[in-house]
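What follows draws every value from the coordinates through simple rules; no lab data is involved. Owing to the predicted nature of the structure, the values given are computational and were not obtained by experimental measurement. Here Cβ is always computed from backbone atoms with ideal geometry, including for glycine, and neighbour counts include all displayed protein chains.
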Amino acid sequence: MRTPPQRFEILVVPEHVVGHDGTFRPEDAIRSAVVEATGEWGASGYPRYAGEGVVADIDPATRTVEALLVDGAELDYGLTVRVADAPRN
């Protein structure tokens with residue numbers, strides 16, 4: 001069994017810049033945050049990650065964000081979130 005990643009980068013992207021095939025350029029993100037595994041499980045049943053004002057339940061196998069709060073609030077309409085590998089320090 002593979003160990004889930006301990007860090008991800010969350011990118012908040014306006015929906016209008018995401019292509020029809022789901023692609024986008026990371027530089028189009030209006031906000032990004034590196035989140036780290038908290039060791040907790042979210043209400044969604046997936047591991048919880050947190051950092052830089054972002055709390056997310058992420059399925060590490062598919063990189064699907066199952067729940068997300070940015071500064072304690074849900075995303076506004078017209079925004080979407082993507083998961084990327086966290087930058088190396």
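Remarks
- Top-ranked residue of the stretch 56-70 - restricted to ones that are in contact with a strand residue (DSSP E or B) (Cβ under 7 Å, 6 or more places away or on another chain) and among the small types (Gly, Ala, Ser), ranked as farthest from Ala84 (Cα to Cα): Ala67
- Restricting attention to the stretch 17-70, the residues that are under 10 Å from the mean Cα position of the chain (by Cα), β-branched (Val, Ile, Thr) and surrounded by fewer than 16 Cβ atoms within 10 Å (Cβ to Cβ) total 1.
- Positions within the stretch 71-89 being part of a strand (DSSP E or B) and surrounded by 13 or more Cβ atoms within 10 Å (Cβ to Cβ), in sequence order: Leu79, Thr80, Val81, Arg82, Val83, Ala84
- Long-range neighbours under 9 Å by Cβ, at least six apart or interchain, first residue in contact (Cβ under 8 Å) with a residue 12 or more places away in the chain and among the small types (Gly, Ala, Ser) within the stretch 56-69, second surrounded by fewer than 13 Cβ atoms within 10 Å (Cβ to Cβ) and part of a strand (DSSP E or B): none
- Strands (runs of 3 or more DSSP E) enclosed by the stretch 1-70 - at least 3 residues per element that are of a type outside the set (Val, Ile, Thr) and out of contact with any Lys or Arg (no Cβ under 6 Å at 6 or more places or on another chain): 7-14, 31-41, 47-51, 64-70
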